[in-house]
Amino acid sequence: MEYKWLNRKNNEKIIIFFNGWGMDENIVSHLEPENFDVLMFYDYNTLKTNFNFSNLNIYTQKYLIAWSMGVMTATLFDIEYTNKTAINGTLKPIDDRFGIPRKIYDLTLKGFSPIGADRFIKSMYNEKTNFPTINREFKNQKSELFALKEYKANENFEYNRIIISTEDKIIPTKNQVAFWNKEPNIKSGHAPFNQFSKWSELI
């Protein structure tokens with residue numbers, strides 16, 4: 001697992017962002033950090049990381065924002081949060097009832113290509129927009145798909161805020177509704193970030 005500081009100004013509060021599969025910081029680069037430090041985790045080819053989690057002890061408040069596959073991955077690390085937000089993901093992200101149907105996931109693995117990666121980016125949005133340029137190598141993205149299939153969430157982990165998009169084509173909206181027992185609350189596709197201008201709006 002890789003990490004990157006998106007803002008590090010010795011603030012008292014930190015937002016920890018667990019990104020989705022295949023992504024980098026460009027998916028959220030427009031969000032203003034305000035008075036938060038922002039730390040992003042991404043690239044879940046392995047759960048091993050050289051990040052020293054004790055460095056987080058300096059913060060008085062730690063806020064989790066997890067998106068897509070990051071909703072599951074975030075549960076695997078022992079961090080004490082002030083508040084936890086899940087965006088368009090579940091603790092069973094590869095599941096016929098509660099996530100991406102297994103057959104669709106397997107077909108994606110089998111036929112994944114650079115063209116498919118580009119289509120994936122566009123399918124995350126329900127509006128015609130300037131799609132972000134993701135600077136991840138294709139082979140790295142593909143191997144991450146295989147790795148994610150092997151992880152299992154800590155199902156005792158509880159999120160305080162759930163954001164579900166009305167038109168999610170990646171993790172079907174109806175499956176998220178079934179998992180969380182909550183109705184969709186934002187009109188968007190899988191990536192809703194263009195509707196926000198500040199990180200604090202996602203807390």
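The values are calculated or read from the model by the stated rules, or taken from the named source; none is laboratory data. What you are looking at is a predicted structure, and each value in this text was computed from that prediction instead of being measured. Methodologically, a virtual Cβ is constructed for each residue, glycine included, from the backbone with ideal geometry; neighbour enumeration extends over all protein chains shown.
Within region 174-203, the residues that satisfy the criterion of being surrounded by fewer than 20 Cβ atoms within 10 Å (Cβ to Cβ) and among the polar types (S, T, N, Q) are 181, 185, 194, 195, 197, 200. Answer with yes or no whether residue 120 is loosely packed, with under 13 Cβ neighbours inside 10 Å, of a type outside the set (Val, Ile, Thr) and part of a helix (DSSP H, G or I). So residue 120 does not fit the description; no.
Scanning region 163-203 for residues that are in a loop (DSSP other than H, G, I, E, B) and more than 27 Å from residue 113 (Cβ to Cβ) yields a total of 11. Taking the residues in region 15-27 that are touching a strand residue (DSSP E or B) at 6+ places or on another chain (Cβ under 7 Å) and buried (at least 22 other Cβ atoms within 10 Å of the Cβ) as candidates, determine which candidate is nearest to residue 118 (Cα to Cα). Looking at residues that are touching a strand residue (DSSP E or B) at 6+ places or on another chain (Cβ under 7 Å) and buried (at least 22 other Cβ atoms within 10 Å of the Cβ), I get 23. Just to be sure before I move on: is residue 93 modelled with pLDDT under 95, out of contact with any Asp or Glu (no Cβ under 8 Å at 6 or more places or on another chain) and of a type outside the set (A, V, I, L, M, F, W, C) in the structure I sent? So residue 93 fails the test.
Of everything in region 57-77 that is hydrophobic (A, V, I, L, M, F, W, C) and within 19 Å of residue 10 (Cα to Cα), the residue that is surrounded by the fewest Cβ atoms within 10 Å (Cβ to Cβ) is 58.
When 52, 45 are checked against the criterion of being touching a Ser or Thr at 6+ places or on another chain (Cβ under 8 Å), polar (S, T, N, Q) and either within 12 Å of residue 1 (Cα to Cα) or without any contact (Cβ under 8 Å) to a residue 40 or more places away in the chain (or both), 45 stands alone in meeting it. In region 147-162, the count of residues that are crowded, with 16+ Cβ neighbours inside 10 Å, touching a Phe, Trp or Tyr at 6+ places or on another chain (Cβ under 9 Å), part of a strand (DSSP E or B) and at pLDDT 95 or above is one or more. Once region 130-146 is narrowed to residues that are more than 21 Å from residue 71 (Cβ to Cβ) and assigned to a loop (DSSP other than H, G, I, E, B), the residue that is modelled with the lowest pLDDT is 130.
Tell me, which residue of region 105-117 that is in a helix (DSSP H, G or I) and either touching a residue at least 24 places away in the same chain (Cβ under 8 Å) or touching a Cys at 6+ places or on another chain (Cβ under 7 Å) (or both) is nearest to residue 42 (Cα to Cα)? Steps first, please.
Narrowing region 105-117 to residues in a helix (DSSP H, G or I): 105-111, 114-117.
This time we only want the ones that are either touching a residue at least 24 places away in the same chain (Cβ under 8 Å) or touching a Cys at 6+ places or on another chain (Cβ under 7 Å) (or both), so: 105, 108-109, 114, 117.
Numbers: 105: 20, 108: 20, 109: 19, 114: 19, 117: 17 Å.
Selected residue: 117.
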